[in-house]
1. Under the 0.36 nm per residue contour assumption, what length would be gained going from the current alpha-carbon distance of Asp77 and Ala12 to full extension?
2. Could you state the principal axis extents of the C-alpha atoms in the chain, from the largest down, to the nearest angstrom?
3. So if R0 is 45 Å, what FRET efficiency would Glu218 and Ala111 give, r being the distance between their Cβ atoms, rounded to the nearest 0.05?
4. What translational D, rounded to a whole number of µm²/s, comes out for the stretch 2-151 from Stokes-Einstein when the hydrodynamic radius is the Kirkwood one over Cα pairs, at 10 °C and 1.306 mPa s?
5. Rounded to the nearest percent, how much of the accessible area of the stretch 51-194 (1.4 Å probe, protein heavy atoms only) is carbon and sulfur?
6. Using a 1.4 Å probe and ignoring any ligands, DNA or RNA, find the accessible area of Arg75 and quote it in Å² to the nearest 10.
7. Output the peptides 280-288, 28-36 sorted from most to least packed, where packing is the average of other Cβ atoms within 10 Å over each peptide's residues.
8. How high is the relative contact order of the chain, in percent, with contacts defined as C-alpha pairs under 8 Å that are six or more residues apart?
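The values are calculated or read from the model by the stated rules, or taken from the named source; none is laboratory data. Everything numeric here is computed off the predicted structure, so don't read it as measured data. Neighbour counts run over all protein chains shown; Cβ positions are idealised from the backbone, glycine included. Accessible surface areas use protein heavy atoms only, side chains included; no ligands, DNA or RNA. Shrake-Rupley method; radii C 1.70, N 1.55, O 1.52, S 1.80 Å.
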Amino acid sequence: MASLKDLRNRIASVKATQKITKAMQMVAAAKLRRAQEAAEAARPYSERMGAVLANITQAIGGGGDAPALMTGTGRDDVHLLIVCTAERGLCGGFNSQIARLARDHIRRLLADGKQVKVICVGKKGFDILRRDYASLILERVDLREVKTLGFVNADAIARKVIHLFNEGGFDICTLFYSQFKSVISQIPTAQQIIPAAQASATAGAGNGGGAVYEYEPEPGEILSDLIPRNIAVQIFRALLENAAGEMGAKMSAMDNATRNAGDMINRLSITYNRQRQAQITKELIEIISGAEAL
């Protein structure tokens, strides 16, 4: 049985931990609002970009003017996975859920005899995936020093991906991230961004309204500029969704940790008081017994 001193030290240690988790919860709550607003603001732009691309795709009918980024290479032998996770932990199962979705996708592709390449955006996803698939990871994008995510960060990733595609490095690219729903709900999502035709057609379904558009310059020239931008936009949206989801998951995890610390303090305090009372009673019995012996 632990001594009274050990119990006091343990109670003090848990109280110190509780202060830290409470502070982290408050910081996450403060950051969550800004991150949520940024993620929600990016959604309409991302969806509308998909609708515009879908409309242009219908206009050219998948003809030869469409860039390879939209039509694809005609093969699906090599798959590139962009796995976006957080740079830091202490956010519950947020990172592991995204990594699990990517890991299951990798297993299915390898079972079908496909070649898989992975780009990890975020330290936690890299740490999880390298345990089993270190040989498949091409690069890790480090955003730890970035205080506020900007479009320039997503555009840099998109340029690397497009350069790799132009060199024949892969046929299909899939983006993995967590879509923010609420503080307690983040949905791991897989979105195909190259070739863009399928994703754009899905995003633009039902938004055409039967209208007929005329394009200037030619649709092929427009697509050659819009598709790289759309890839960057989709990656930027994924980063913003992840940022909001991370703060929501961290806020929930730190709230649970604070509550658990409080419960532990209560249990340790009861144990301390009982043991202290037992020690006092024992000393009183010894004093009374000594007095009666005299």
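1. On the way: separation 65, 0.36 × 65 = 23.40 nm, distance 5.83 nm.
Between Asp77 and Ala12, full extension yields 17.6 nm more.
2. Extents along the principal axes, in whole Å: 112, 40, 31.
3. On the way: r = 42 Å, r/R0 = 0.94.
After rounding, the FRET efficiency stands at 0.60.
4. The estimated diffusion coefficient comes to 81 µm²/s.
5. On the way: 3280 of 6830 Å².
Carbon with sulfur: 48 percent of the solvent-accessible area.
6. For Arg75, solvent-accessible area is about 130 Å².
7. Values: 280-288: 10.0, 28-36: 17.1.
The most tightly packed comes first, giving 28-36, 280-288.
8. Values: 425 pairs, mean separation 98.1, N = 294.
After rounding, I find 33 percent.
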